[in-house]
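Below is one structure, written out as structure tokens, with a few remarks after it.
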Amino acid sequence: MNREQLRQEKQQQCNARIAQLYEYIPALEQIDYTIGQKNVRMIRSGILHKNKAEQQALQQEIETLMQERHRLLAQYGLDEQIYKPQWNCPICEDRGYLEDGTLCTCYQQERMQEMLERSGMSVAMQQYRFDNFYLDGFDKPEDVQKKVLWCKQFAAQIVQGTCKDCLFLRGDVGRGKTHLSTAIANAVLEGGKTVIYKRAADLFDMIRRYKYEEGTQRWNEVLEKLISCDLLVIDDLGAERTTDFVTEQLVLLLEERNYRNRPWIINSNLKLNQIQDSYNTRVSDRIMDRATILTLERERSYRLEQAEQRMKEL
């Protein structure tokens, strides 16, 4: 439902509520009818007759009727708000923009939520931020801090449309790759840009389904979204079952995004030489051609430490 339809629905609900009110308080309907008639007469008096004395007299009568309406509403525990639609956002009255033309915060939040849903990121992933990426436990926290700063700048450049880099983020399981890549994705989304975030296994399963089951037109639409979104994140590359199909599609995505200067992030437990062994040199070459390689190293898995802490709290 678009915003104009929403406003119409809210107005219809308001009209229905007032109609029910008239059935309950018939005198209120008569007052409102009389106010309406006098308003019409006042407009005609000003436009056609230019009779200021008549206008003033009618204005006084309308004010008296308004006072009577206010008294009658108060008698039933109501006020003038009963005549106004119950907008989802009273600030912009569900228009999505303010009087000066700026976007309302409700629309910005709605757009953000829509982009989040389209990104493939779960609601829980919204909690992953740069400011809660803790450095405790890393072998060289000062080096990791520099990498986090690079990632912040990377996200800012994507939002500004000036990014020329991509990111290959590697490290063993539980070292913070997903957290850091999601923090980047969240910053990009908040900047109003589009993100697609997929685990590698899910991504290639989706590609296979659309390519062979959904028809050429639908597949082309999906492929275009994967290629043209402002940021593509492929999480956990190497955990999926590697096949010629997977390699072919990975090369296609990287080549097309590199050609269009569209940034991407790949998270993987694998080193580049292992990428070459698992896929082929075309994949590793496309990664080397565009990506900054950041490695996260810590002695133990962050998830394991969290699990142990939860056990202590029981």
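The values are calculated or read from the model by the stated rules, or taken from the named source; none is laboratory data. Nothing here was measured: the structure is a model prediction, and the numbers come from that model. Neighbour counts are summed over all protein chains in view; Cβ atoms, including those assigned to glycine, are modelled from backbone coordinates with ideal geometry. Surface accessibility is based on the protein's heavy atoms, side chains included, excluding ligands, DNA and RNA. Shrake-Rupley method; radii C 1.70, N 1.55, O 1.52, S 1.80 Å.
The selection criterion, being among the β-branched types (Val, Ile, Thr), touching a strand residue (DSSP E or B) at 6+ places or on another chain (Cβ under 6 Å) and either at pLDDT 85 or above or exposed (fewer than 11 other Cβ atoms within 10 Å of the Cβ) (or both), does not hold for VAL123. Being modelled with pLDDT of 85 or more, touching a Gly at 6+ places or on another chain (Cβ under 9 Å) and of a type in the set (A, V, I, L, M, F, W, C) is a property that VAL233 has. With respect to the conditions (1) within 18 Å of GLU190 (Cβ to Cβ); (2) of a type in the set (Phe, Trp, Tyr); (3) at pLDDT 90 or above, TRP150 lacks only one, and its number is (1).
Only a single criterion out of (1) among the β-branched types (Val, Ile, Thr); (2) open to solvent by less than 50 Å² (accessible area, probe 1.4 Å); (3) touching a residue at least 12 places away in the same chain (Cβ under 8 Å) is not satisfied by ILE293, namely (2).
Let's see how each residue does on (1) more than 23 Å from LEU254 (Cβ to Cβ); (2) open to solvent by less than 20 Å² (accessible area, probe 1.4 Å); (3) without any contact (Cβ under 8 Å) to a residue 40 or more places away in the chain; (4) among the charged types (D, E, K, R):
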| residue | (1), (2), (3), (4) |
| --- | --- |
| ASP172 | yes, no, no, yes |
| THR178 | no, no, no, no |
| ALA187 | no, no, no, no |
| GLY191 | yes, no, yes, no |
| TYR197 | no, yes, no, no |
| ALA201 | no, no, no, no |
| ASP205 | no, no, yes, yes |
| ARG209 | no, no, yes, yes |
| GLU213 | yes, no, yes, yes |
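Of note, GLY101 does not satisfy the criterion of being at positive phi, in a loop (DSSP other than H, G, I, E, B) and at pLDDT 85 or above. None of GLN30, GLN55 is outside any loop (DSSP other than H, G, I, E, B) and at pLDDT 90 or above except GLN30. Once segment 256-282 is narrowed to residues that are surrounded by fewer than 16 Cβ atoms within 10 Å (Cβ to Cβ) and within 25 Å of the chain's Cα centre (by Cα), the residue that is farthest from LEU169 (Cα to Cα) is ARG260. For segment 75-92, the set of residues classified as more than 33 Å from the chain's Cα centre (by Cα) and either at pLDDT below 85 or outside any helix (DSSP H, G or I) (or both) consists of TYR76, GLY77, LEU78, ASP79, listed by residue number. Residues that are out of contact with any strand residue (DSSP E or B) (no Cβ under 6 Å at 6 or more places or on another chain), under 24 Å from GLN157 (Cβ atoms), open to solvent by 20 Å² or more (accessible area, probe 1.4 Å) and without any contact (Cβ under 8 Å) to a residue 24 or more places away in the chain do not occur anywhere in segment 228-237. Give the residue that is most open to solvent (accessible area, probe 1.4 Å), with candidates limited to residues of segment 60-101 that are aromatic (Phe, Trp, Tyr) and touching a Phe, Trp or Tyr at 6+ places or on another chain (Cβ under 9 Å). Per the stated criteria, the residue is TYR97. If the condition is being of a type outside the set (Asp, Glu), open to solvent by 60 Å² or more (accessible area, probe 1.4 Å), free of Cβ contacts under 8 Å to residues at least 24 places away in the same chain and in a helix (DSSP H, G or I), then segment 1-23 contributes GLN5, GLN8, GLN12, ASN15, GLN20. For segment 144-157, filtering for residues that are open to solvent by less than 10 Å² (accessible area, probe 1.4 Å) and in contact (Cβ under 8 Å) with a residue 40 or more places away in the chain leaves 3.
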